[in-house]
Amino acid sequence: MSAQQAENSRFAASCRPEALPVPCRRRLQSLTCSGLAWPDRGVQTARPLAGTCHFDRGGGGWVTAGTAEVVITTKLFRPSLRQQTVERKRLHDVLRQGRTLPLTLVVAPAGWGKSTLVADWLAHDEVPAGWVSLDGGDNDPKRFWRYLLLAADQAGSAAGAAALRRLDAAGSDVLRDVLPAFVNELASAQAPLVLVLDDYHLVTNARVHTSVTTLLEHSPPQLHLMLITRADPLLPLSRLRVREQLAELRAEDLRFSVGEALEFFSDRLGPLLSEQDVLRLLARTEGWAAGLQLAALRLHDRADPSAFIERLTGADWHIVSYLGEEVLATQPPEVREFLLVTSVLNRMCAPLCDALTGRADGIELIGEIFRANLFLVPLDDEHRWFRYHHLFGGLLRHELARTAPDRPSVLHRRAARWYADHGDAAEAIGHAIASGDHALSGRLVAANWRQPFNAGQPETVRMWLDALPAALVATDASLSAARAWVALDTGRLEEVGAALDAAEASVPPDTHLMVLRALQLYKNGDVGGAAARLREISPSADDPFIATVHRLVQGISWMWLGDADRSRELLVEAARRAEDDGNRLAYIYAEGCRAVLAVNRGDLTLADSLVTEAESAVGRTLSDTHFVAMFPALARARLAIKRMDWAGARRAAGAAVELGRRGAGRVELAAALLTSSAADRIGPDPQAPDAADVDPGALVGEARGILRHCADPGPVVATWLAEEQRAAAARTRQEGLIEPLTDRELTILRLLPAPSSLRQLASELFIAPNTLKTHLRAIYRKLGAESREEAVIRARERGLI
């Protein structure tokens, strides 16, 4: 969107990468090498935050990618090992051996020390690895893969760069475009790559699981994936076990042994505990790391640790609840209050905490809590950002909801407003939804849905919209537009109509919704209805994106309706607006359609120039996977047909059909199918051995079926259909000939009744006179004619001309 791009430009101009600390600059340079940059700028910059939370102060804030997507850099940091950990050699051996396999799975409930173990092993063996701490927002396949590829870059692998560029391509698909690029780059790389995906249990989207399964099935030897999760993931684990491609660690493996427990308590409590006390505590906690850690915290100042251990009964949540309550009860009131209030945050810094508590001592309290070992995990090197250990955070939230059930909603609302004020719309929306404040959630989604949508994350927008009451979406023009665009992007035209119907019944007339209604009509094949509606709309210059879409769809509609002059005027304006607004997809769309118009009126030189420019824009935009790339391909195919470049026509037309199936309107796809039929019915070409695999009759039949369901496809495509049907009839009329005429020969035959000389005919066909004579000899032989005049007579007798 132009507004977002303008904001990016203003922000990029205000940032000075040279002012960043050296580690941050290195990280930014690394991201830049991976294809992340501001639109039309060659540098990657950091998004600054207020107070002490600046990314350029500690590397823990936000980085904005070239797609204007916000990337939370702290998700890419592995857990910080703040104190000496127990050396768990037996477990390190398993992880070390598993590194030669495609997958290592570390699965156990909360509090078993999974993340600490893996981070400790990576540090101990000095293994370069990429790390992603997943959260619920990573259920969007593109968001998930963006972090995975950035983690690959973080690990020093160049394999993620090409895949990141594919990911950022408009209309790209992870399985079709991104994953193959990543695997191919990995396969050609020399260095091994270890990727750790922490908290994988938070991923529930089947499409994400499918992509990870596909990655594992095609995993090159260089890749080793590590999944840390509380439950078995929806992956083919049995198959991987049978193939001996999986290393596993589970809760029974992670239990502390006697020796490990003795070392653990010796480091923390010294001689305070006897060996017998440690053995009893180990038995009560069943070797559970979280239980041992909480016990150590609670035992620190106990005069009679044996009596305390004696009172511990049960295991798992009961132990942690009991210990947690005791830990909370012993804290000063201001610390206990701070812990409970900030427990609603996924990650926190001092100014954010101050916004929730209404105090100004967040930085001091964070320091006090960290020094007291109260399960606070630093997320950056300079300890600006933190999170609570998942288990301890859950305990705090449980206690907050038990003691003050109305407070979480209020606190989530404050967090939402803080994040909104500091430029992180995704976190703001997440907290707003958690607060249950639908009005606030609706306002935030309405103001911010375009950014993730344009970054190729319609799933994220869909999840936000699904969290809102349907009535709220229907009564807000921006939210209804978001619902319609998401449905359009995923090809669900029925949902587009339902969203627009609900909005039109609830909100005052809105230009954006009116343009979307016309676009829906156009996609469904009513180009006449679309053009009529668009003539009645005058979009405001305040939203250049909608103004561009308005001119573009109107221009394309008039092209199919056969009004070339009106279409050309509108498409020229749409291309100009799109270029000014940085809307490259609309620019490609407009230039490709202008090229089709030029071919139709016989201006092949202009058509060639327009196609070349549109193809260049496709290359710059990396949108060759998006359906709008169909239009340069369609124009290239029809241009090649005019020039009798049959091999080129087949290639371009085949590409147009493939791209058209990815989201083009009905009329557009029918046009691509008919063009492919025209290119393919010329007969096999030695230069294109796969040409015989295409059945022109099937292409025409599919196009005819599509057009039958179009209310008003316009005369242009109807004419193309008639031409292909006549060609099919002509093939039938050739029965009984010595040998059927090729389509190339039929094209020449239809020109023979004209008074043009052979030299003029050859010029018109863009072939040499000698080539034309060769075709004429073949035509005469097949018709049993001796001359041009006799060939015309025999062709008319058969209805061939």
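Is there a quick way to get the dipole size of the chain? I mean about its Cα centre, with the Cβ of Lys and Arg at +1 and of Asp and Glu at -1; what is the value in debye to the nearest 20? Write out the running numbers ahead of the final one.
On the way: 92 positive and 100 negative charges, 363 e Å.
So the magnitude is around 1740 debye.
Accessible area per residue for the chain in Å², computed with a 1.4 Å probe and the full protein assembly in place, what is it? Walk me through the numbers on the way to the answer.
Working: 32840 Å² over 801 residues.
Each residue of the chain exposes 41 Å² on average to a 1.4 Å probe.
Could you give each residue of the stretch 149-158 its phi-based ³J(HN,Hα) in whole Hz, using Karplus coefficients 6.51, -1.76, 1.60 with θ = phi - 60°, and x for Gly or Pro?
6, 5, 5, 4, 5, 4, 7, x, 8, 8
Given a 1.4 Å probe and the protein chains all in place, what does the accessible area of residue 277 round to, in Å² to the nearest 10?
It works out to around 10 Å².
Just want to confirm a number: the relative contact order over the stretch 100-241, from Cα pairs under 8 angstrom separated by 6+ residues, in percent. Don't skip to the answer; put the middle values down first.
Numbers: 231 pairs, mean separation 50.4, N = 142.
Over the stretch 100-241, the number comes to 35 percent.
Taking K and R as +1 and D and E as -1, what net charge do the other residues with C-beta under 12 Å from the C-beta of residue 338 add up to?
Numbers: positive: 336, 359; negative: 334, 337, 354, 361, 364, 368.
Net of charged neighbours comes to -4.
List the residues, sorted by chain then number, that are 5 or more residues from residue 525 or on another chain and whose placed amide H is less than 5 Å from its amide H.
666, 667
For the chain, with all protein chains present and a 1.4 Å probe, just round the carbon and sulfur fraction of the accessible area to a whole percent.
On the way: 16840 of 32840 Å².
Roughly 51 percent, rounded to a whole number.
Peptides 359-366, 624-631, 504-511: what's the order by average Cβ count within 10 Å, highest mean first? All intermediate terms of the calculation are to be shown ahead of the outcome.
On the way: 359-366: 16.8, 624-631: 25.1, 504-511: 13.2.
Result, highest mean first: 624-631, 359-366, 504-511.
Cross-link partners among aspartates and glutamates for residue 142, C-alpha distance below 15 Å, same-chain residues fewer than 8 apart left out?
69, 168, 173, 177, 459, 489
Which of the lysines could a cross-linker span from residue 89 if the Cα-Cα distance has to be under 16 Å and same-chain partners fewer than 8 positions apart are dropped?
114
Given the whole protein assembly as supplied and a 1.4 Å probe, what does the accessible area of residue 501 come to in Å², nearest 10?
90 Å²
Among 395, 617, 356, which residue has its Cα positioned farthest towards the positive end of the charge dipole of the chain, with +1 placed on the Cβ of Lys and Arg, -1 on the Cβ of Asp and Glu, and the dipole taken about the Cα centre?
So the residue furthest toward the plus end is 617.
Please turn the phi angles of the stretch 108-123 into ³J(HN,Hα) values with the Karplus equation 6.51 cos²θ - 1.76 cosθ + 1.60 (θ = phi - 60°), one per residue in order, whole Hz, x for glycine and proline.
6, x, 4, x, 8, x, 5, 5, 4, 4, 5, 4, 5, 5, 4, 5
Given a 1.4 Å probe and the protein chains all in place, what does the accessible area of residue 766 round to, in Å² to the nearest 10?
120 Å²
Given H placed on each backbone N at 1.01 Å, which residues far from residue 247 in sequence or on other chains put an amide H within less than 5 Å of it?
103, 104, 105
Assigning unit charges at the beta carbon (Lys, Arg +1; Asp, Glu -1) and nothing else, what dipole magnitude in debye, to the nearest 20, does the stretch 416-476 show about its Cα centre?
Values: 4 positive and 7 negative charges, 23 e Å.
For this selection, approximately 120 debye.
Would you work out if the stretch 353-404 is rounded, prolate or oblate? Take a ≥ b ≥ c from the square roots of the eigenvalues of the alpha-carbon gyration tensor; rounded if a/c is under 1.5, else prolate when a/b is larger than b/c, oblate otherwise.
oblate
If contacts are Cα pairs under 8 angstrom and at least 6 residues apart, what is the relative contact order of the chain in percent?
9 percent
Sorted by accessible area (1.4 Å probe), largest first, how do 789, 217 line up?
Working: 789 120, 217 95 Å².
In descending accessible area the options line up as 789, 217.
Given H placed 1.01 Å from N in the peptide plane, which residues other than close sequence neighbours of residue 155 have an amide H under 5 Å from its amide H?
So residue 155 has HN proximity to 130.
Could you give me the ³J(HN,Hα) list for the stretch 754-765, computed from phi with Karplus coefficients 6.51, -1.76, 1.60 and θ = phi - 60°, whole Hz, x at Gly and Pro?
With the stated coefficients, the stretch 754-765 comes to 5, x, 5, 6, 4, 5, 5, 4, 4, 5, 5, 8 Hz.
Which entry in [x] 41.3; [y] 43.9; [z] 39.5 is this structure's computed mean projected area of the Cα convex hull in nm²?
Read-out taken from this structure: [z].
Per-residue counts of other Cβ atoms within 10 Å, averaged by peptide: what ranking do you get for 324-333, 125-134, highest first?
Numbers: 324-333: 13.9, 125-134: 19.3.
My ranking of the peptides, most packed first, is 125-134, 324-333.
Show me the ranking of peptides 514-522, 167-175 by mean Cβ neighbours inside 10 Å, starting with the highest.
Details: 514-522: 23.6, 167-175: 21.1.
Answer by packing, highest mean first, reads 514-522, 167-175.
The values are calculated or read from the model by the stated rules, or taken from the named source; none is laboratory data. Just so we're clear, the structure is a prediction, and the values are computed from it rather than from any experiment. Neighbour counts run over all protein chains shown; Cβ positions are idealised from the backbone, glycine included. Side chains are part of the model used for accessible areas, which takes the heavy atoms of the whole protein and leaves out ligands, DNA and RNA. Shrake-Rupley method; radii C 1.70, N 1.55, O 1.52, S 1.80 Å.
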